[in-house]
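The values are calculated or read from the model by the stated rules, or taken from the named source; none is laboratory data. Since the structure is predicted, the reported quantities are computational estimates derived from the model, not experimental observations. Backbone-built Cβ (ideal geometry, glycine too); neighbour counts: all protein chains shown.
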Amino acid sequence: MANQAQLLPGTLVLLILKAVSLGSLHGYGILLRIGQISGDASVIEQGALYPALFRLVRHGFLTADWGTSDNNRRAKFYQLTTTGRKRLREEVASWNRLTAAIGAVLSAEPEEV
Amino acid sequence: MNEEFRCHLQLRAHDLERQGLTRAQAERRARIEFGGLDRYTEECREALAGRLLRELLADVRYGLRQLRRNPGFTAVALATLTLGIGANTAIRGRLEAPRAERAPAAASRSPPTSDQRERPSEMWRAIFSAVDAVLLRPLPFPQPEQLVAVRESDRQFPSMSVSYPDYLPPCPPIAAPAVSSPTPAHRQ
């Protein structure tokens, strides 16, 4: 577990929205996609995904529909709504601002301060 | 929700099997990776409904569970409620009809007779009749405005109840409505 990236609170929403934006997925699929994109750093306990998904559905960023998965079981497939798409854009923007700011702080040389 | 979790676990176990684990190992590992099933079910419910509603639902579910475990008690309770409300509705209906004849103006205020009943409003009428009988209506006597309550008084006790033998002649109280100021018969 040494390489496990610690997920900052609040970034899970960002990861989920991004993962779903690439196509409608069920819970496990979202997990896999996050893993694929992030280089398979197991960022969260798998079950923690679902309360986050339910919250996003409740806020209207995602819609959930029942469908059949690859192993012929019923699963809920999640899709991004237009509100969700907008929220994703906002989250990405604020994340970029944050990382830029922190990056600037970290790369500051003693003489510059 | 459980279905969703089960699907997830199965898919994960399947992937782990393909990585080389045995079925049992894969299933176990998948469950560990998932984390606390109960906890996440709980969190999902809370995410859906919010705390107050969730706790209310939990209490309702508990109540229903308890009822199911005591079928005898439940049957008796239900029977009592049914009989009580049903009897009230029936009696109420029978009393309303003569009242409606005598005072058509007041009938607009009272619930209509059961001939014109439809199914859903029957239930409301039953509930209304229960509340009505307990709280709202004066006593179901003919000409209730003429009922009086008779009290005795003396120096020490200004208002005492009267026992029946005292009420009888030779102390004729028939003139009492004109003499004293009687209390009309309300819910006493």
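Number of residues in segment B:1-33 that are touching a strand residue (DSSP E or B) at 6+ places or on another chain (Cβ under 8 Å) and surrounded by 13 or more Cβ atoms within 10 Å (Cβ to Cβ) equals 3.
So is A:Ser69 surrounded by 16 or more Cβ atoms within 10 Å (Cβ to Cβ) and either more than 9 Å from chain B (Cβ to nearest Cβ) or modelled with pLDDT under 90 (or both) or not? Don't jump to the end; show me each part of the working.
Values: surrounded by 16 or more Cβ atoms within 10 Å (Cβ to Cβ): yes; either more than 9 Å from chain B (Cβ to nearest Cβ) or modelled with pLDDT under 90 (or both): yes.
So A:Ser69 passes the test.
Return yes or no: is B:Leu135 under 25 Å from B:Gly84 (Cβ atoms), out of contact with any strand residue (DSSP E or B) (no Cβ under 7 Å at 6 or more places or on another chain) and either exposed (fewer than 10 other Cβ atoms within 10 Å of the Cβ) or modelled with pLDDT of 70 or more (or both)? So B:Leu135 fits the description; yes. Can you confirm whether segment A:55-72 contains a residue that is under 26 Å from B:Leu9 (Cα atoms), in contact (Cβ under 8 Å) with a residue 40 or more places away in the chain and in a loop (DSSP other than H, G, I, E, B)? The answer is yes, given that some residue of segment A:55-72 is under 26 Å from B:Leu9 (Cα atoms), in contact (Cβ under 8 Å) with a residue 40 or more places away in the chain and in a loop (DSSP other than H, G, I, E, B).
Within segment A:47-61, the set of residues being more than 7 Å from chain B (Cβ to nearest Cβ) and aliphatic (A, V, I, L, M) comprises A:Leu49, A:Ala52, A:Leu53, A:Leu56, A:Val57. Annotation: B:Gly36 fulfils all but one of (1) more than 8 Å from chain A (Cβ to nearest Cβ); (2) more than 20 Å from A:Leu25 (Cα to Cα); (3) not β-branched (Val, Ile, Thr); the unmet one is (1).
Results for (1) over 17 Å from A:Tyr28 (Cα atoms); (2) in contact (Cβ under 8 Å) with a residue 40 or more places away in the chain; (3) assigned to a helix (DSSP H, G or I); (4) at the interface with another protein chain (Cβ under 8 Å from one of its Cβ atoms), shown as yes or no for each residue.
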site	(1), (2), (3), (4)
B:Cys7	no, no, yes, yes
B:Gly20	yes, no, no, no
B:Ala24	yes, no, yes, no
B:Arg28	no, no, yes, no
B:Thr41	no, yes, yes, no
B:Arg45	yes, yes, yes, no
B:Leu56	yes, no, yes, no
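Restricting to segment B:42-73, what's the tally of residues that are under 23 Å from A:Arg55 (Cα atoms) and surrounded by 14 or more Cβ atoms within 10 Å (Cβ to Cβ)? The total comes to 9.
Scanning segment B:43-88 for residues that are modelled with pLDDT under 85, among the charged types (D, E, K, R) and closer than 27 Å to B:Trp124 by Cα gives no hits.
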